[in-house]
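Q: Dropping the structure in here first, questions after.
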There are 2 protein chains.
Amino acid sequence: MTEQYDVVVIGGGPAGNAIASGLQAQGKSVLIVEADLWGGTCPNRGCDPKKILLSAVEAQQAAQHLQHQGLTGTPTIDWPALMAHKRGYTDGINDGTLKGLQHQGITTLHGQAHFQNDGQLAVGDQVVSATDYVIATGQRPAILPITGQEYFKTSTDFLDLDEMPKRVTFVGGGYVGFELAAIANAAGADVHVIHHNDRPLKAFDADLVQDLMATMTADGVTFDLNTDLQAIEQTDDGLQLTAPDFELTTDLVISSAGRIPNADQLGLENVGVTFNRHGIQVNDRLQTANPHIYAIGDVSDTPVPKLTPVAGYEARYLVQQLTQPGAAITYPVIPTQVFAVPKLAQVGLSATDAADQPDKYRVNTLDMTKWFSYYRFGARQAQARVIIDQASGQVVGATLLSDVADEMINYLTLLIEKHVTLAQLQQLVLAYPTPASDLQYLY
Amino acid sequence: MTEQYDVVVIGGGPAGNAIASGLQAQGKSVLIVEADLWGGTCPNRGCDPKKILLSAVEAQQAAQHLQHQGLTGTPTIDWPALMAHKRGYTDGINDGTLKGLQHQGITTLHGQAHFQNDGQLAVGDQVVSATDYVIATGQRPAILPITGQEYFKTSTDFLDLDEMPKRVTFVGGGYVGFELAAIANAAGADVHVIHHNDRPLKAFDADLVQDLMATMTADGVTFDLNTDLQAIEQTDDGLQLTAPDFELTTDLVISSAGRIPNADQLGLENVGVTFNRHGIQVNDRLQTANPHIYAIGDVSDTPVPKLTPVAGYEARYLVQQLTQPGAAITYPVIPTQVFAVPKLAQVGLSATDAADQPDKYRVNTLDMTKWFSYYRFGARQAQARVIIDQASGQVVGATLLSDVADEMINYLTLLIEKHVTLAQLQQLVLAYPTPASDLQYLY
C-alpha cells in the first residue's frame, strides 16, 4: 500500500529541513527523503566545515599580521588535529539532524527518490504519494570533462582530507577554488589555482578580485590564468596536468569548476519537470512545470545566488505558499562572499553597473588599509567600493576586501534593506571602536 | 584687544573637534582651545590605544583557543614592539588633529582656558570672547584618596608603558580595570584587580560579570573583591598595598576607580556654571546654568554613558541647536562594552529591569558556547541574555559575553533602533556562516 502524505520533501539539507519543519508545524503530514547524509551539503561538506578549517587560518593570519608589531611567533596548522576538530562538528550532523526531524514528528526515509510514470515516488522498494512535492536536493561539484577526469577530487574530498598533500591544485577559480586554496596554502601546501580565462570570481568587482589575487600570490598561491586544462595523467612524480603551453605536476587535483544540480536521478522526465545546468526550472512561485511539484534551494534555477540563507528564505516563502497561497516570491539584496584571506564580500548594485548611470549613483572607492580599524591589527589590505544612490543618499551596493569584510557586509546589508541614510545612521550610537564605527565614513 | 568669535570650544577631543568642525561648516567663526594633546583622550590615551594593545591579545587568544584543535604554537606578546605599534598610531594624533582643524579654517589655541569675572575667557596671556561657549574638556582618571596615593599611576601611564612590570595591580573594577587587566595578564604580568565590594562592573548583568571573572581568573587574573584599599607604601620588594585582612606587593598600581570631570580648572564659578562629580550640570539642550555656555561629551552630566560615539552624537545635536534651535536632545539606545577577554557588551533594557515586568518582557538566557559560530574557533564561553518585548516581538535589550560580543551588540543595536521583529529579520538574507547568522536564534 502506498503511504500518502500532504507533502513529500526530497532532500534533507537546509532547504528541505526548513520546509519540512515549517509545514509540519502548520499541521501538514510530511515525509522527508534523503539519499545521502542528513543535513545536506552545508553542515556536512560545505559552508560549516570550510569555516571551521578557516578558523585556524584566520588565527594564524592574525598572529602573522602583528609579527614585529607586538607578537612573536606564528602558530602552524596541524592538519590532522584541525580535521579532528572539524569532524567533532560534522560527525554529529547526520544523526543529530535525523533525530531532530523525527522529534518534530516528521516521517523520514533514506534512499534515492525517483518519480514513477504514475506520478508516485519510489524510494528504494517503497512507494509514496503526496498532494505536493518539494524538491530540495541541492547541487554537487561539477567534474570537468577532460582526459583523466577520474583523477579529479572535489571539495567534498578536500574538506575531509586526512593529510594535506605537498602539492594541491584547484581547477576553476570560483569561490570554492579561492577559499580552499587559501586553506591549503596556509596549511603548507604548494597551491595552484588554474582558471580558463583571466577573470576568476567573475561575479565580484574586477579590481578587488585583482587585489585579492595579489595578496594570495604574495602568500604563496600561484594563479595560472588563461589556462584551459586538457588532461590529467598519473606519473611516477604525481599527477601531471597539461594545457596548451602549460604543464604542472601535483599531488591532489580538485575540480572546483562550478556545481551542478542534483536533478538527473529523480525521474523528473516521468512527471514533466524540466531542468537545465542551472537547475530545475521554476516560476516565481517556485513551482516547476508540474504544478504539484516545487523546487527550492540550490537545485532550483532562480535568479539569485545559491546560498544556505537563500534556501532558508525560499523555504519560509514556500511554507507560506503551501498553506496560504499568495504573491510571487521577491528577494531582498543578498550578500555573497569569498572566505579567502582576506575576505571578499559584495552586496547589491556593483560598481560596474553603477558606472553606467553616473547621474544616479556615486561610487566611493576607499583604501581603508591605514584606517584605525585595520591599522590596529596590522591588516595588509582593506579596500571598499560603496555605491550611493544620489537622490536618496542611501547605500545601494558595496564590495569589500578585508579581514572583516564578512562583518561589514552584514551591516551594509542591513543599511540597504532598512534604507538608512547617513543622517539616519548618525542618529544611532554604535559601539566604538569597532568595524561598525566606520560605516559613517563609507557614505 | 580681545578676539571675538561666534563660538569658542574648550577641549580638542572627539566632542570638541566634532562641534568645532560642524559649526565652522555652518559658517560660524570658531576658536578651539586645548590644554594638552589635540585629539583628546580617545585617540591619545583611551579607546584607540587600548584597542591596539588588545589586538595582540585577541590574536594570541585566537591561537590559544585552537591549540590541539588545529594549531600548534601560541605567539607571545612583545610589549616594547606592541608599544611601538601603538605609538605608530598615537604619535601622529596631536599634529594630525591640529592640522586637520586648521585646514578647516578653525582657529586653534593651546593652553588652559579659564573664565574670568567679566565672562571673557583667558587662555594663557590671551583673552578671547564669544557669543557662545562649548565646554568639551572630558574627564581624567580619579586618584583614590588614600595614604600613599602619590604611588598611583593611571590608565594614561599604563597605555604608554615602555616595559610591562612583573606585577600589576588595578584598584577599581570598572571597565578600565578589567580591560587593562586583560592586556597586562596576556602580556605576562601577575595581575590583581582590587574592588571595594563584590559587584564590579555594576552596570552590567551580574551573572555574566561572574562568568567573565571566572574566565579571567582561569587565565590568571586575581580578583580581590570586598577589599577596601587603605594604603600604598614603598618597600624594598615593591609597592605594598594594604587593606583590612589584605596585603599585596606589586610593582605598578593603577587607580582605575572611575574618572572625574575636567571642570575644576575652568573658572566656572566666575560664570555661574555648576558641576558635581558626574560633570557639568546641563539641561536637556546641553545648556549649563549660564545660557551661553554649553557642555558636551564626557565632561557633561547627562543620563547616558560617557563614550566617544555619544560625544559625537551630542556634538551633532548641538551644531543643530546653535544654528537652528529646536527640540531637546533625545538619545538612541547606547551599547556599552568591556573589551576584556572575552568581551562583555550590553545595550538597552537589562535582564534585571525586564524581570520586574514578566508580563511585558521575555528574557532569553542562552548558552551559545557549543553553537557553530563559537565551536568553530574553539571559544571557551559564549553567553547571551536577550530581552524581547512580548507585545511587539522586538528586541529591546541584550547582554552578551563572547569573543564576538562587540560585533553582535552592534547588530542588536541596529535591530532595536529599527524595531525589527523576528519575522522582519527573516525577510533579510545575511551572509552565512557569520555571527549575524545567529541573530534569528536570539529572539
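Every read-out reported here was derived from the displayed coordinates using simple, explicitly stated rules and does not represent laboratory data. The shown structure was predicted, so the numbers you read here are calculated from the model rather than taken from an experiment. Here Cβ is always computed from backbone atoms with ideal geometry, including for glycine, and neighbour counts include all displayed protein chains.
Q: With each label point set 7 Å from Cα along the Cα-Cβ vector, what nm distance links B:His103 and A:Gln320?
A: Going from the B:His103 label point to the A:Gln320 one covers 4.8 nm.
Q: Please compute the modelled spin-label separation between B:Asp207 and A:Arg199, points set 7 Å along Cα→Cβ, answer in nm with one decimal.
A: Here the answer is 5.5 nm between the modelled labels.
Q: Now for a separate question. Label point 7 Å out from B:Ala328 along Cα-to-Cβ: which residues of the stretch B:251-288 have amide N under 14 Å?
A: The answer is B:282-287, whose backbone nitrogens lie closer than 14 Å to the label point.
Q: Here's something else I'd like to know. Please report Rg over Rh for the protein assembly as shown, where both radii come from the alpha carbon positions and Rh follows the Kirkwood definition.
A: 1.01
Q: Find the relative contact order for the stretch B:342-441 and round it to a whole percent, using C-alpha pairs within less than 8 Å whose residues are 6+ positions apart.
A: About 29 percent, as a whole number.
Q: Roughly how tilted is helix B:308-323, in degrees to the nearest 10 and between 0 and 90, from the longest Cα axis of chain B?
A: Around 30 degrees separate the two axes.
Q: Right, something else. What FRET efficiency do you get for B:His110 and A:Ala391 if R0 is 51 Å and r is their Cβ-Cβ distance, rounded to the nearest 0.05?
A: FRET efficiency, B:His110 to A:Ala391: 0.70.
Q: Would you work out which of A:Val319, A:Tyr331, A:Ala345 lies farthest towards the positive end of the dipole of the stretch A:306-441? Charges go on Cβ: Lys and Arg +1, Asp and Glu -1.
A: Positive-most Cα among the choices belongs to A:Ala345.
Q: Residue by residue through B:75-82, how many Cβ atoms from other chains fall within 10 Å of the Cβ on average?
A: 5
Q: I would also like to ask the following. Loop only per DSSP, at most 13 neighbouring Cβ atoms within 10 Å: give me the trypsin sites (Lys or Arg not before Pro) in the stretch B:209-315, ordered by residue number.
A: Answer in residue order: B:Arg277.
Q: Residue separation times 0.36 nm, minus the C-alpha to C-alpha distance between B:Glu163 and B:Gln234: what's the value?
A: 23.6 nm
Q: Placing the label point 7 Å from Cα along the Cα-to-Cβ direction, what are the distances from A:Ala289 to the equivalent spots in the other copies, shortest first, in nm to one decimal?
A: Result for A:Ala289, in nm, nearest copy first: 8.6.
Q: Between B:Glu269 and B:Lys370, what length comes free when the chain is fully extended (0.36 nm per residue of separation minus the Cα-Cα distance, one decimal in nm)?
A: On the way: separation 101, 0.36 × 101 = 36.36 nm, distance 5.78 nm.
So the chain would gain 30.6 nm between B:Glu269 and B:Lys370.
Q: Taking other Cβ within 10 Å of each residue's Cβ, how do B:Glu34, B:Glu3, A:Glu269 sort, fewest first?
A: Placing the least packed residue first, the sequence is A:Glu269, B:Glu3, B:Glu34.
Q: Nearest 500 deg cm²/dmol is fine: what mean residue ellipticity at 222 nm does chain B get from its DSSP H runs of n ≥ 4 alone, each adding -39,500 (n - 2.57), divided by its residue count?
A: On the way: 13 runs with 130 residues, N = 443.
About -8500 deg cm²/dmol.
Q: Continuing with this model, one more query. May I ask for the net charge around A:Met216, where only other residues with Cβ less than 14 Å from the Cβ of A:Met216 are counted and Lys, Arg are +1 while Asp, Glu are -1?
A: Summing Lys and Arg as +1 and Asp and Glu as -1 gives -4.
Q: Using the Cα centre of the stretch A:152-208 as origin and beta-carbon charges of +1 (Lys, Arg) and -1 (Asp, Glu), tell me which of A:Phe204, A:Leu161, A:Val171 is placed farthest towards the positive end of the dipole.
A: A:Val171
Q: Let me ask something additional. So how far, in whole Å, is the C-alpha centre of the stretch B:75-128 from the one of the stretch A:104-158?
A: 67 Å
Q: Expressed as an acute angle from 0 to 90° and rounded to the nearest 10, what is the orientation of the C-alpha long axis of helix A:79-90 relative to the principal long axis of chain A?
A: Once rounded, the angle reads 40 degrees.
Q: Beyond a 30 Å Cα-Cα separation, which of these cross-linked pairs lie in this structure: A:Lys99/B:Lys343; B:Lys51/B:Lys370; B:Lys306/B:Lys343; B:Lys28/B:Lys51; A:Lys360/A:Lys418; A:Lys99/A:Lys418?
A: Exceeds cut-off: A:Lys99/B:Lys343; B:Lys28/B:Lys51; A:Lys99/A:Lys418.
Q: To continue, here is another question. Only four residue types carry charge here, +1 at the Cβ of Lys and Arg and -1 at the Cβ of Asp and Glu. Report the dipole size of the protein assembly as shown about the Cα centre in Debye, rounded to the nearest 20.
A: The dipole magnitude comes to about 1420 debye.
Q: Percent of Cα-Cα pairs more than 18 Å apart in the stretch A:342-441, please.
A: Everything past 18 Å amounts to 44 percent.
Q: Stick to Cα atoms and the Kirkwood definition of Rh, then tell me Rg/Rh for chain B.
A: Ratio value, two decimals: 0.99.
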